[in-house]
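Take a look at the structure below.
FYI, it's all coordinate maths here, none of it is from the lab. Values in this document were obtained by computation on a predicted structure and should not be read as measured data. Every residue, glycine as well, gets a Cβ built from its backbone with ideal geometry; the counts of neighbours run over all protein chains shown.
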Amino acid sequence: MKQQELTDSSKFSMVSRYAFAPVYPYLAGQIIDKFGLYSGTCIDVGSGPGNLAIEIARITEMKVYSLDIQPEMSRLARNNIRQAGLSERITAVTADVCQMPFPQDWADLVVSRGSIFFWENQTAGCCEIFRVLKPGGVAYCGGGMGTPEIRAQVLQNIRENAVFSQERDYWIYNIGKTRKRLDPEGLCASLEELGVQAMVERENDGIWIQMKK
Ligand SMILES: C[S@@+](CC[C@H](N)C(=O)[O-])C[C@H]1O[C@@H](n2cnc3c(N)ncnc32)[C@H](O)[C@@H]1O
């Protein structure tokens with residue numbers, strides 16, 4: 001399994017649109033309810049085609065930034081944001097999580113789904129997220145499909161939708177495997193040593209690192 005294949009913009013764009021569709025509204029609702037944040041600034045790190053950023057903008061009044069290291073993902077995100085009629089509320093930015101073009105103490109909420117597994121330096125990425133968080137702000141970075149039922153739905157979408165006819169086995173094999181690239185307890189221990197408070201949350205179908213500043 002190659003990292004480039006799993007984050008390939010055209011492949012991922014298809015899977016996020018036709019298979020993962022139910023994941024994003026569920027996670028957006030869960031994260032917003034959990035932290036009770038409805039206004040201010042939110043960054044979706046490693047946003048891919050921008051689906052989570054779009055769902056967060058739909059249910060809040062937040063100004064949202066969808067940030068991804070791949071320019072092609074930012075282009076896809078901009079397209080989806082325009083189609084959702086949210087260009088005034090969401091800005092797509094191309095940057096590495098380790099070097100975000102945002103000021104210190106700035107964001108109220110940083111979310112990141114399915115991306116941390118691919119960061120070359122997860123500790124540096126989390127430290128950079130912590131830098132841009134406002135005091136009182138919160139970051140929630142990890143992965144998962146939301147619930148086992150949604151995971152089953154995602155797999156069913158892949159099995160049944162003709163758009164996956166060439167790549168069905170590839171996605172069925174790879175979905176859920178990326179979490180092996182994260183040692184959440186080890187990451188939290190490294191962050192703790194650097195003065196960043198972080199904790200692991202395993203819930204329902206997800207694994208998340210929560211940081212509060
Ligand atoms: C599996 S996709 C997940 C996309 C999206 N969050 C979702 O759930 O639909 C992982 C994304 O993380 C991005 N990514 C990987 N390394 C990154 C980094 N160092 N900084 C920012 N984005 C990164 C990839 O380009 C890719 O778009």
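Taking neighbour counts of Cβ atoms within 10 Å as a proxy for exposure, in what order, fewest first, do I158, I43 appear?
I158, I43
Which lysines, on any chain, are close to K180 with Cα under 19 Å apart, when same-chain ones fewer than 8 places away are left out?
K2
Using only Cα atoms, tell me the angle between helix 122-132 and the longest principal axis of the chain; keep it within 0 to 90° and round to the nearest 10.
Once rounded, one gets 60 degrees.
In whole Hz, what ³J(HN,Hα) sequence does the range 59-72 give by Karplus (6.51, -1.76, 1.60; θ = phi - 60°), x for Gly and Pro?
These are the phi-based 3J(HN,Hα) values: 10, 9, 9, 5, 8, 10, 10, 9, 10, 8, 6, 9, x, 5 Hz.
Go through the range 173-179 residue by residue and turn each phi into a ³J(HN,Hα) via Karplus (6.51, -1.76, 1.60, θ = phi - 60°); whole Hz please, and just put x for glycine and proline.
Couplings: 5, 7, 4, x, 7, 5, 5 Hz.
Restricting the count to DSSP beta bridges whose residues both fall in the chain, what percent are antiparallel, rounded to a multiple of 5?
Roughly 40 percent of the DSSP beta bridges within the chain come out antiparallel.
Going Cα to Cα from K63, which aspartates and glutamates come in below 19 Å? Please leave out same-chain ones fewer than 8 positions away.
Partners within reach: D33, D44, E55, E88, D105, D108.
Within 12 Å, Cβ to Cβ, of L187, how many net charges do the neighbouring residues add up to if Lys/Arg are +1 and Asp/Glu are -1?
-3
Near L76, within a Cβ-to-Cβ distance under 15 Å, what is the net charge of the other residues, with Lys and Arg +1 and Asp and Glu -1?
Summing Lys and Arg as +1 and Asp and Glu as -1 gives +1.
Helix 23-35 versus the longest principal axis of the chain: what is the Cα-based angle in degrees, 0 to 90, to the nearest 10?
Once rounded, one gets 20 degrees.
Taking H placed 1.01 Å from N in the peptide plane, check which residues at least 5 places from G137 or on another chain put their amide H under 5 Å from its amide H.
Under 5 Å from the amide H of G137 lie the amide H atoms of K213, each far enough along the sequence or on another chain.
Non-local amide H neighbours of W106 (under 5 Å, H modeled in plane, Pro and chain starts lacking H): which ones?
Here the answer is L133, K134, since their amide H atoms fall under 5 Å of that of W106.
Once both axes come from the Cα atoms, what is the angle between helix 148-160 and the longest principal axis of the chain, in degrees from 0 to 90, rounded to 10?
40
Cross-link partners among aspartates and glutamates for K177, C-alpha distance below 20 Å, same-chain residues fewer than 8 apart left out?
E5, D8, E120, E149, E167, D169, E185, E201, E203, D205
Starting from the Cα coordinates of the chain, work out the convex hull volume and express it per residue in Å³. Mind dumping the intermediate values first?
Values: hull volume 22.8 nm³, N = 213.
Enclosed volume per residue, from the Cα hull, is 107 Å³.
Per the Kirkwood definition applied to all pairs of different Cα atoms, how many angstroms is the hydrodynamic radius of the range 1-67?
Result for the range 1-67 stands at 12.6 Å.
Can you put M145, M62 in order, fewest other beta carbons within 10 Å first?
M62, M145
Amide H of G114 versus every other amide H placed in the peptide plane: which residues, excluding those fewer than 5 positions away on the same chain, fall under 5 Å?
Hits under the 5 Å cutoff: G142, G143, G144.
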